[in-house]
1. Tell me which of these GLU323 doesn't satisfy, since it passes every other one: (1) of a type in the set (Asp, Glu); (2) in contact (Cβ under 8 Å) with a residue 12 or more places away in the chain; (3) more than 24 Å from LEU8 (Cβ to Cβ); (4) open to solvent by 60 Å² or more (accessible area, probe 1.4 Å).
2. Is it true that ILE338 is β-branched (Val, Ile, Thr), within 30 Å of PHE68 (Cβ to Cβ) and buried (at least 17 other Cβ atoms within 10 Å of the Cβ)?
3. If you go through segment 370-383 one residue at a time, how many are modelled with pLDDT under 95 and either open to solvent by less than 30 Å² (accessible area, probe 1.4 Å) or of a type in the set (Gly, Ala, Ser) (or both)?
4. Which residue pairs have Cβ atoms under 9 Å apart, sit 6 or more places apart or on different chains, and have a first residue in segment 183-212 that is at negative phi and a second that is surrounded by fewer than 16 Cβ atoms within 10 Å (Cβ to Cβ) and among the polar types (S, T, N, Q)?
5. Got at least one residue in segment 164-171 being closer than 27 Å to LEU17 by Cβ, open to solvent by 20 Å² or more (accessible area, probe 1.4 Å), without any contact (Cβ under 8 Å) to a residue 40 or more places away in the chain and under 23 Å from the mean Cα position of the chain (by Cα)?
6. Considering only segment 185-208, I want to know if a residue exists there that is out of contact with any Phe, Trp or Tyr (no Cβ under 8 Å at 6 or more places or on another chain), open to solvent by 40 Å² or more (accessible area, probe 1.4 Å) and of a type in the set (Gly, Ala, Ser).
7. Quickly run through segment 249-305 and pick out the residues that are part of a strand (DSSP E or B) and open to solvent by 60 Å² or more (accessible area, probe 1.4 Å).
Amino acid sequence: MSNKGKILIVKLNDRLLSMLIRDNRIRSIEVQKQSEYAVGNIYIGKVRNISENIGAAFVNLGQNYLTFLPLAESRHAIVTNRVYDGKLKAEDEILVQIVKEPMKTKQAGVTANLSLSGNYVVVKANGGRMAPIQVSSKLSRKQRNRFTALEALQEIGKHCQIVVRTNAGGLEDETPLVEEAAGLAKELAHIMQIADKRTCYSCLHTAAPDYVRFIQNAYTTEYDEIVTDLPEVYRILQEELPKMRLFVPIRLYEDALLPLYKLYAVESRLQELLDRKVWLKSGGYLVIEPTEALISIDVNTGKCDRGHNKEETTFKINREAAEMIALQLRARNLSGMILVDFINMKDKERERQLIEYMRSLLQKDSIPADVVDMTGLGLMEITRKKVRPSLAEQMRQI
């Protein structure tokens, strides 16, 4: 086996898929509930009512599936049953896109600012006052200048906004990026053009399955193979990945005597990701405590012997803890405000290095996450965007 790893996709039951990332050991699991109303889908919904006091509209997508639309995101809305005057009303039929899954007591979130995502770019219908071409902040200044100067992109950007993704940084030739942007812009324009010819509650665009987008957002250069025991998933990946110019080998696992989820002990790994305590190689450990308001993570020395140079050993344990925290946030899909109590260090320069290291680890997350700062009590404050329920919430829904 190479130093790269595998992306494994296995079915746990009729509602959940599990995706494991593996190198020399299993590193993480992302469990995703399959839903008819998936993030990225575009519908013609009907406004049930407007709540001015919270600045939101509640939009029904059909089958009484109620969603939450911030009024601030409806300025450029496409209303299909009347001439839109810039103000939503009850009974309006409006084009919306799901951007957040329902979480706890909150409805799914939708927006009227439509967009389509590809491997290299995201094309948005309305950029507002933003520049027509935006480039991922994770790319260097030289790369950002390179993409914003592309005349072909500038031409496409006259009719929509284009956001160049981090994946584009590895391109030597911009042709795939331009072709993808042109194709997505055309598809988005078509969706908006046919909206007034479709009935209310119609789905005008179905997003790629979660596992396709998971692979698309993953750093696929780190992996040497995708393995699944689901024939339908295997077929879809064979069709979709070449379209996204992702050429990771795909293998269908067919050993009936030893199921894939048993081979890689998926159930045991899931249980590990639901435990409070996470052990580190050094002998230290984390205690992860999700609450209603925030998530607290405590770093402990545990069985680790700090030796003669305690400050140096403490710094190494904290760095190892930072790596595991970044992994656990993604694997458990923890989001919102996260407070981390690292082992106390007297050296302020070491503390600054730890913050920068944590920030660099979070940059690799496909969901926006960042270090805010250290609080007055010495706790590291991290934020991670809420997009879908945590692993624990999803497992409770089974």
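The values are calculated or read from the model by the stated rules, or taken from the named source; none is laboratory data. None of the values given here were measured: they were computed from a predicted structure. Quick reminder, even Gly has a Cβ in these numbers, built from the backbone with ideal geometry, and neighbours come from all protein chains shown. SASA here: full protein model, heavy atoms, side chains in, ligands and nucleic acids out. Shrake-Rupley method; radii C 1.70, N 1.55, O 1.52, S 1.80 Å.
1. The one condition GLU323 does not meet is (3).
2. yes
3. Within segment 370-383, residues that are modelled with pLDDT under 95 and either open to solvent by less than 30 Å² (accessible area, probe 1.4 Å) or of a type in the set (Gly, Ala, Ser) (or both) number 2.
4. These pairs meet every condition: ASP196/ASN81; CYS200/ASN81; PRO209/GLN34; ASP210/GLN34.
5. First pass over segment 164-171, keeping only residues closer than 27 Å to LEU17 by Cβ: 165-167.
Pick out the ones that are also open to solvent by 20 Å² or more (accessible area, probe 1.4 Å) and you get 165-167.
Remaining after also requiring without any contact (Cβ under 8 Å) to a residue 40 or more places away in the chain: 166.
Filter again for under 23 Å from the mean Cα position of the chain (by Cα), leaving 166.
Checked segment 164-171: at least one residue is closer than 27 Å to LEU17 by Cβ, open to solvent by 20 Å² or more (accessible area, probe 1.4 Å), without any contact (Cβ under 8 Å) to a residue 40 or more places away in the chain and under 23 Å from the mean Cα position of the chain (by Cα).
6. Looking for residues that are out of contact with any Phe, Trp or Tyr (no Cβ under 8 Å at 6 or more places or on another chain), open to solvent by 40 Å² or more (accessible area, probe 1.4 Å) and of a type in the set (Gly, Ala, Ser), one finds none in segment 185-208, hence no.
7. Step one: list which residues in segment 249-305 are part of a strand (DSSP E or B), which gives 250-252, 277-279, 285-290, 295-300.
Scanning segment 249-305 gives ARG251, LYS277, TRP279, GLU289, PRO290.
The rows are residues; the columns are (1) more than 29 Å from the chain's Cα centre (by Cα); (2) under 19 Å from CYS203 (Cα atoms).
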| site | (1), (2) |
| --- | --- |
| ASN60 | no, yes |
| LEU66 | no, yes |
| GLU73 | no, no |
| ILE78 | no, yes |
| ARG82 | yes, no |
| GLN97 | no, yes |
| MET103 | no, no |
